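I have placed the structure first, in the form of structure tokens, so that the comments after it can refer back to it.
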Number of protein chains: 2
Amino acid sequence: MFVYAFPTTADGQVKEPANLRDLGEPLIDHSEGQLFLNEAFKIMMEEVLCKGTDVKQKVSHKSLTSPLCEIAVSSLNKCHPRFFNQQFGGVDYHALAGRFLTETLNTNLFTYEVAPVFVLMETEVLRGLRQLVGWTEGDGIFCPGGSTSNMYAMNLARYRLFPEVKSQGVWSLPRLTIFTSPESHYSVKKGAAFLGIGTDNVILVKVDDGGHMIPEDLDTKINVAKSLGAVPFLVSCTSGTTVQGAFDPLDRIADVCEKHKLWMHVDAAWGGSVLFSEQHRHLMKGVDRANSVAWNPHKMLIAGLQCSALLLQDTTNLLKRCHSANATYLFQQDKFYDVNLDVGDKSVQCSRKVDCLKLWLMWKAVGSTGLAERVDKAFFLVRYLVEQMKKREGFHLLRDVKYVNVCFWFIPPSMRGKEGNADYQDRLAKVAPVIKERMMKQGTMMVGYQPLGNKVNFFRVIVFSPLVSQKDMDFFLDEIERLGNDL
Amino acid sequence: MFVYAFPTTADGQVKEPANLRDLGEPLIDHSEGQLFLNEAFKIMMEEVLCKGTDVKQKVSHKSLTSPLCEIAVSSLNKCHPRFFNQQFGGVDYHALAGRFLTETLNTNLFTYEVAPVFVLMETEVLRGLRQLVGWTEGDGIFCPGGSTSNMYAMNLARYRLFPEVKSQGVWSLPRLTIFTSPESHYSVKKGAAFLGIGTDNVILVKVDDGGHMIPEDLDTKINVAKSLGAVPFLVSCTSGTTVQGAFDPLDRIADVCEKHKLWMHVDAAWGGSVLFSEQHRHLMKGVDRANSVAWNPHKMLIAGLQCSALLLQDTTNLLKRCHSANATYLFQQDKFYDVNLDVGDKSVQCSRKVDCLKLWLMWKAVGSTGLAERVDKAFFLVRYLVEQMKKREGFHLLRDVKYVNVCFWFIPPSMRGKEGNADYQDRLAKVAPVIKERMMKQGTMMVGYQPLGNKVNFFRVIVFSPLVSQKDMDFFLDEIERLGNDL
């Protein structure tokens, strides 16, 4: 447990401040501060980056030296090659250097005068990402995460259709409906609730066995909604669903969106990085027909939290028109430079972090080919993992793997061949939580599990870290067997 | 100009990836990466933290060595003691070390299993901040900026009154209205637009000459809104307005909120840090009667972007009930630990950065007394600055200064005593932009200006960095005179 009590008096108030000292002089001693920072840097290099990436170390372990050291070693190490738990992990040193510089400069990305380099850099990075989508023009912005990017798309789609919503609210509008698959990210519902649209107005379109949205059902559901007096305005497709890693058929969905004149949003937070790979970008065929794309380079490209781009095909300044408040104390129109460089009013945030530098630096360092290589390598390792699974008893895949999410049940020896037993599913449901508890307590690796629809708890291993090798895949399978064979 | 072209082919596509190499081995070389990071760290120390805090250096200047170095030196330096432009600036080395560790660990603050230390630390830091507000219990969360914190408060207030909004949207509700002052932050209107409430339903309450909301007018406006069939649900007060630094009279506003049973939100993003100071916390008397408080330690306490806490008096788990989506792949209920520690569903974000560590480390390092000292010192320096202004000709304050925003016109010698001239206001409006352009081009310091209501462009200097001394105040005044005396 890591708890720290703040210095307060008995009645819960903050302690009386000492007398003011040397008020004419700065309160911060630079030499002392820089010494501390040097020490802190050494601890991070040693405890997180050297030990943390060493497979001989546990994924988490404990010790006590200084607070900083304690935090470093008590925290779960996502840089560890055996962290398979979620869609983030690993470390890229160029991206990390970019994050350090971002933190050191502490720039607020709202006006050109305070962020000249980063206003231009963000523009360039967004242009580079849009090129991969297939757009020569457009707009975009970095958001604090994919959920926010998805919400922005919703708000833009609503505003494009009914600009009066900005001043009058939703009351002046007919009931709006959003369409997405049941396997889409939960942020679609969170966003609908937050924006005053309501989760009931998120209509779930059927998926096929692989978890892909069925365009014919989308068409049907849109017609039903219209017949009930609602106004469909947005389809939120997914490129890389969270659990199964499914890619919705964008080209066929685009046909339906065009027919009904709906905004097509692609939540490619997880899957977007396939666009770097000539070999795998076909998974997102049709993405250039979308109105907006959310793409998180902090996931597969390990740029570091947060790095989520919302990309837009729009060239009418919709983002700014929808979100601007024209604050005169920030966005003065009588500045001596082109005030279109003051990008802050495109955001609903005021202070906005610089999220482009880490990606820019990494991209510049390894090139588009280097990033493509990481994507291709993840696919390669997944193929290897799946082949090995098929060679072993006890590993049952949910279905064929198309991306880098591998969903499977581990069937302990005592349960094999007993699929017909009445308690089989109940017993199977308990296997993954027990194995997970054991691996967490032993700290050897980390992987997630979940149920899905009528399917009981299964493991989902995410393979993408450029730190991972075939040996780690073998270790993963051995470890699941070791932890679960007695169940 | 700082522009970089991505490696693409002639038709705008990403260049073909090279053949995959060594796919069985990790793609990242740790020794090489760690060497790079060491070099990068040296550049940051040298170019930003050593040179950047030296008053003999310009606020911005240029040179060319490596990309990282180029970015560092081409960026505006907010650590510089003469950056008076906005409510962020300065550097605290403990906070910066906390940010470096945050970036190195790259933790996603959504479940206890991936963020055990930070889940507990966030709880502790929020508790510490709530104690300063005067609450022994409650809830809270760190948000990506004050605008988001304000939006959360709006959404919570709406949900408390009409929980059906989450599923049915705003259509099922009567027209809602929000009350705030015309000098409140623009995020109140941005939030109302984003949440589907609409900017027309943000009712502006009159302010007195000092920019403080008038409680009697609030009461009147609420009654008018009710008589028109609207349902008032939220008052957004401000502690420390952006331009004038005014503190709304919270105690008297609380009386009105109680009478009408409205949610009282305090946007203390800028002013909240006075709560550390025994001497100045009276400015927020009555804050303990609020339902929610937004407070950005990244401003006056220079914790680093982003560090914005939304604090709640609520003990009914409103935050989670309002925002949760209960995703089964993340928030499994059959985990081996107390799943109440999985705080992620309190947020509308999915991936959420760790924003507590930088504040925690700084707070632990200098104590509550050290933070109080910073606040008190800023007030002291402002008193000094105002006294010096009164001794000089040409500096006209907008009004008495109550906080650390000093708003003033500089009247060049050629305009003094000519207040009666027909073109006086037009000429005065042009003075600040010209002085600002000159200081930006010479890089000596940075300060903002803006109009307000019928008042033409005036300067607003923000004094709070612990790096600032009396000498910098004198320099500031000399420099304004030097740059503006010929106008």
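Every number here is computed from the coordinates shown, using simple stated rules; none is lab data. Note that the structure is predicted; figures quoted are calculated from it, not measured. Cβ placement follows ideal geometry from the backbone for every residue including glycine, while neighbour counts extend to all protein chains displayed.
Compute the relative contact order of the range B:110-235 as a whole-number percentage, counting only Cα pairs closer than 8 Å that sit 6 or more residues apart in sequence.
Values: 125 pairs, mean separation 28.4, N = 126.
The normalised contact order for the range B:110-235 reaches 23 percent.
With a Förster radius of 25 Å, plug the Cβ-Cβ distance of A:N326 and B:E387 into 1/(1 + (r/R0)^6) and report the FRET value to the nearest 0.05. Could the numbers behind the result be given before it?
Numbers: r = 36 Å, r/R0 = 1.43.
The value I calculate is 0.10.
Do any GluC sites (Glu not before Pro) in the range B:380-427 lie in a DSSP loop with no more than 13 other beta carbon atoms within 10 Å, and if so, which?
Numbers: sites: B:E387, B:E393, B:E419; in loops: B:E393, B:E419.
Counting only loop positions with at most 13 other Cβ atoms within 10 Å, the GluC sites (Glu not before Pro) in the range B:380-427 are B:E393, B:E419.
Treat each spin label as a single point 7 Å out from the Cα along the C-beta direction, and report the A:R416 to A:E216 distance in nm.
4.0
Restricting the count to DSSP beta bridges whose residues both fall in chain B, what percent are antiparallel, rounded to a multiple of 5?
Working: 23 of 41 bridges.
In chain B, approximately 55 percent of DSSP beta bridges are antiparallel ones.
If I take the Cα coordinates of the range A:384-487 and project them onto the principal axes, what are the three extents in Å, biggest first?
43, 31, 25
Quick check on the exposure proxy: order B:C50, B:C307, A:C322 from fewest to most C-beta atoms within 10 angstrom. Walk me through the numbers before you get to the answer.
Details: B:C50 14, B:C307 29, A:C322 22.
By the 10 Å Cβ count, ascending: B:C50, A:C322, B:C307.
Using alpha carbons only, how many angstrom separate the centre of the range B:134-170 from the centre of the range B:280-299?
17
Give me the dipole magnitude in Debye, nearest 20, for the range B:124-168 about the Cα centre, with unit charges on the beta carbon: positive for Lys and Arg, negative for Asp and Glu. Working shown, then result.
On the way: 5 positive and 4 negative charges, 22 e Å.
About 100 debye.
How far is it, in nm, from the label point at A:K261 to the one at A:K455 when both lie 7 Å from their Cα along the line to the Cβ?
Each label point lies 7 Å from its Cα, and together they span 4.0 nm.
Can you give the relative contact order of the range A:341-486 as a percent, counting alpha carbon pairs under 8 Å and 6+ residues apart?
Working: 144 pairs, mean separation 38.2, N = 146.
That works out to 26 percent.
In what sequence do A:H30, A:H298 fall when counting other Cβ within 10 Å, fewest first?
A:H30, A:H298
Based only on other Cβ atoms within 10 Å, what is the fewest-to-most ordering of A:V375, B:V266?
On the way: A:V375 24, B:V266 31.
By the 10 Å Cβ count, ascending, the order reads A:V375, B:V266.
Suppose R0 equals 22 Å. What FRET efficiency, 1/(1 + (r/R0)^6) with r the Cβ-Cβ distance, do B:E32 and A:D478 give to the nearest 0.05?
Details: r = 30 Å, r/R0 = 1.36.
Computed FRET efficiency for B:E32 and A:D478: 0.15.
For labels at A:V224 and B:E137 in the simple 7 Å Cα→Cβ model, what's the distance in nm?
My value for the distance between the label points is 4.4 nm.
D for chain B, whole µm²/s, Stokes-Einstein with Kirkwood Rh over alpha-carbon pairs at 37 °C and 0.692 mPa s: what number?
Details: Rh = 25.0 Å.
The estimated diffusion coefficient comes to 132 µm²/s.
Quick one: compute the contact order of chain A, relative version, from alpha carbon pairs under 8 angstrom and 6+ residues apart, as a percent. Write out the running numbers ahead of the final one.
Values: 818 pairs, mean separation 88.5, N = 487.
Computed value for chain A: 18 percent relative contact order.
Pulled fully out, how much extra length does the chain show between B:K206 and B:Y424, if you take 0.36 nm times their separation in residues and subtract their Cα-Cα distance? Don't jump to the answer; show the numbers that get you there.
Values: separation 218, 0.36 × 218 = 78.48 nm, distance 2.80 nm.
Gain on extension, B:K206 to B:Y424, equals 75.7 nm.
What residues have an amide H closer than 5 Å to that of B:V202, excluding those fewer than 5 places away on the same chain, when H is modeled at 1.01 Å from N in the peptide plane?
B:I178
Do any chymotrypsin sites (Phe, Trp or Tyr not before Pro) in the range A:333-385 lie in a DSSP loop with no more than 15 other beta carbon atoms within 10 Å, and if so, which?
Working: sites: A:F336, A:Y337, A:W360, A:W363, A:F379, A:F380, A:Y384; in loops: A:F336, A:Y337.
For chymotrypsin sites (Phe, Trp or Tyr not before Pro) across the range A:333-385 that sit outside H, G, I, E and B with at most 15 neighbouring Cβ atoms in 10 Å, the list reads A:F336, A:Y337.
With the convex hull built on the Cα atoms of the range A:79-210, state its orientation-averaged projected area in nm². Write out the running numbers ahead of the final one.
On the way: hull surface 48.7 nm².
Here the figure is 12.2 nm², rounded to one decimal.
Going 7 Å from Cα along the Cα-Cβ axis for the label, what nanometre distances separate B:E419 from the same residue across the other copies?
Label point to label point, same position, other copies: 9.1 nm.
Would you report the distance distribution of C-alpha pairs in the protein assembly as shown as whole percents per 10 angstrom bin, up to the bin with the largest distance?
Final binned percentages: 2, 12, 21, 25, 21, 12, 5, 1, 0, 0.
How far apart are the B:K206 label points across copies, placing each 7 Å from Cα toward Cβ, in nm, shortest first?
Counterpart label points of B:K206 in the remaining copies fall at 6.4 nm.
Rank B:P451, B:G198, B:L275 by how far each Cα sits towards the positive end of the charge dipole of chain B (+1 on Lys, Arg Cβ; -1 on Asp, Glu Cβ) and give me just the farthest.
B:P451
For the range B:32-46, what does the Karplus curve 6.51 cos²θ - 1.76 cosθ + 1.60, with θ = phi - 60°, yield as ³J(HN,Hα) per residue in whole Hz, taken in order and with x for Gly and Pro?
4, x, 6, 4, 4, 5, 4, 4, 4, 4, 4, 4, 5, 4, 6
How would the range B:122-274 be classified by its alpha-carbon gyration tensor: rounded, prolate or oblate, with rounded meaning a/c under 1.5 and the a/b versus b/c comparison settling the rest? Write down the numbers at each step before the final one.
Details: a/c = 1.58, a/b = 1.12, b/c = 1.41.
Oblate.
For the protein assembly as shown, what proportion of DSSP beta bridges, expressed in % and rounded to the nearest 5, is antiparallel? Please report the intermediate quantities before stating the final value.
Numbers: 46 of 82 bridges.
Beta bridges within the protein assembly as shown, antiparallel portion: roughly 55 percent.
Nothing charged except the Cβ atoms of Lys and Arg (+1) and of Asp and Glu (-1): what's the magnitude of the dipole of chain A about its Cα centre? Round to the nearest 20 debye. Could the numbers behind the result be given before it?
Values: 55 positive and 54 negative charges, 232 e Å.
In debye, rounded to 20, chain A gives about 1120.
Assigning unit charges at the beta carbon (Lys, Arg +1; Asp, Glu -1) and nothing else, what dipole magnitude in debye, to the nearest 20, does the range B:92-166 show about its Cα centre? Display every interim value, and only then the final one.
Working: 6 positive and 8 negative charges, 57 e Å.
Using Cβ point charges on Lys, Arg, Asp and Glu, the range B:92-166 gives about 280 debye.
What is the Cα centroid distance between the range A:332-395 and the range A:431-487, reported in whole angstrom?
When both Cα centres are located, 26 Å separates them.
Return the calculated 222 nm mean residue ellipticity for the protein assembly as shown, to the nearest 500 deg cm²/dmol, obtained by summing -39500 (n - 2.57) across DSSP H runs with n ≥ 4 and dividing by the residue count. All intermediate terms of the calculation are to be shown ahead of the outcome.
Working: 26 runs with 360 residues, N = 974.
So the calculated ellipticity at 222 nm is -12000 deg cm²/dmol.
Would you kindly work out, in nm and rounded to one decimal, the distances from the label point of A:S31 to those of the same position in each other copy, ordered shortest first, with label points 7 Å along Cα-to-Cβ?
Reported distances to equivalent positions: 3.7 nm.
What is the minimum Cβ-to-axis distance for chain B, in whole Å, where the axis maps B onto A, and to which residue does it belong?
Residue and rounded Å distance to the axis: B:G196, 1.
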